[in-house]
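S.K.: One structure follows; several queries about it will come next.
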Amino acid sequence: MPHTLLGLSGALRTGSTNSALLREAARLYGAASYAEADLNLPLYDGDLEDEDGLPEAVNRLVTQIAAADAVLISTPEYNGAVTGVLKNALDWISRHSNKPMVGKPTALMSAAAGRAGGVRAQTMLRSCLVAFRPRITLAPEVGIADSGAAFDENGHFTSDRYTASVQTLMDALKADVTA
């Protein structure tokens, strides 16, 4: 039976290269169903949670994570860090009584306009994920530099080097899923 992958993009923009990276990674993973989570969530507010409980969108996200065989997370780098969108989603997920990421095979990657490809954001993301206790696939580190030029009109990489790196990461993730 094909695996189920869930993508979390740290960018909400329609033309996000991080969303493109997630879709290309899912394609390279092979036989799997893929869905991208909606991280357009309200800003975390303890008063809102106390008054209304967790928003339905957060409950849906937690359910999607729990149902997935693996999670792919891609984040741009904003000022050397993960985006507020991604951090906010993690804050909401942490408030749920179900802890869906514990032991979940998870691959991290980034795409950014700069020459480092967002790898500093990945360092921060790893720190943010410690409390969630996912099983992070560690190698190789994938940071897509000059990401606006990294994808062709079909959403595939324009560089064999990026294709090879993401394929290696997806092969390692697949091994983690079946372990």
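The values are calculated or read from the model by the stated rules, or taken from the named source; none is laboratory data. Quantities reported herein were computed from a predicted structural model and do not represent experimental measurements. Methodologically, a virtual Cβ is constructed for each residue, glycine included, from the backbone with ideal geometry; neighbour enumeration extends over all protein chains shown.
S.K.: Among Thr75, Thr83, which is the only one that is closer than 19 Å to Thr137 by Cβ and within 13 Å of the chain's Cα centre (by Cα)? So that I can check it myself, show each step before the final result.
M.R.: On the way: Thr83 fails: closer than 19 Å to Thr137 by Cβ.
Every option except Thr75 fails the conditions.
S.K.: Here is a follow-up. Considering only the range 143-179, how many residues are closer than 15 Å to Leu108 by Cβ, without any contact (Cβ under 8 Å) to a residue 60 or more places away in the chain and in contact with a helix residue (DSSP H, G or I) (Cβ under 7 Å, 6 or more places away or on another chain)?
M.R.: 1
S.K.: Here is a further query. Quick one: is Ala25 of a type in the set (A, V, I, L, M, F, W, C), within 19 Å of Ser165 (Cα to Cα) and without any contact (Cβ under 8 Å) to a residue 60 or more places away in the chain? Can you show your working first?
M.R.: Working: of a type in the set (A, V, I, L, M, F, W, C): yes; within 19 Å of Ser165 (Cα to Cα): yes; without any contact (Cβ under 8 Å) to a residue 60 or more places away in the chain: no.
When the stated conditions are applied, Ala25 does not pass them.
Per-residue answers, yes or no, for (1) surrounded by fewer than 14 Cβ atoms within 10 Å (Cβ to Cβ); (2) hydrophobic (A, V, I, L, M, F, W, C); (3) more than 13 Å from the chain's Cα centre (by Cα):
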{"residue": "Gln122", "(1), (2), (3)": "no, no, no"}
{"residue": "Leu129", "(1), (2), (3)": "no, yes, no"}
{"residue": "Asn154", "(1), (2), (3)": "yes, no, yes"}
{"residue": "Thr158", "(1), (2), (3)": "yes, no, yes"}
{"residue": "Thr163", "(1), (2), (3)": "no, no, yes"}
{"residue": "Val166", "(1), (2), (3)": "no, yes, yes"}
{"residue": "Lys174", "(1), (2), (3)": "no, no, yes"}
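S.K.: Give me the pairs, please: first residue somewhere in the range 87-115 and more than 10 Å from Val62 (Cβ to Cβ), second residue anywhere and in a loop (DSSP other than H, G, I, E, B) and basic (Lys, Arg), beta-carbon distance under 9 Å, and either six or more positions apart or on two chains.
M.R.: Val102/Arg133; Gly103/Arg133; Lys104/Arg133
S.K.: Okay, moving on. Determine which single condition Arg115 fails, assuming it passes every other condition in (1) among the basic types (Lys, Arg); (2) at pLDDT below 95; (3) under 14 Å from the mean Cα position of the chain (by Cα).
M.R.: Failed condition: (3).
Yes or no, residue by residue, for (1) hydrophobic (A, V, I, L, M, F, W, C); (2) in contact with a Lys or Arg (Cβ under 6 Å, 6 or more places away or on another chain); (3) buried (at least 19 other Cβ atoms within 10 Å of the Cβ):
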{"site": "Ser19", "(1), (2), (3)": "no, no, yes"}
{"site": "Arg27", "(1), (2), (3)": "no, no, no"}
{"site": "Gly30", "(1), (2), (3)": "no, no, no"}
{"site": "Glu36", "(1), (2), (3)": "no, no, no"}
{"site": "Asp50", "(1), (2), (3)": "no, no, no"}
{"site": "Val58", "(1), (2), (3)": "yes, no, yes"}
{"site": "Leu61", "(1), (2), (3)": "yes, no, yes"}
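S.K.: Sort out which residues of the range 106-137 are in a loop (DSSP other than H, G, I, E, B) and of a type outside the set (Gly, Ala, Ser), and write them in order of number. Steps first, please.
M.R.: The first filter runs over the range 106-137 and keeps only residues in a loop (DSSP other than H, G, I, E, B), leaving 112-118, 133-134.
Passing the criteria: Arg115, Arg133, Pro134.
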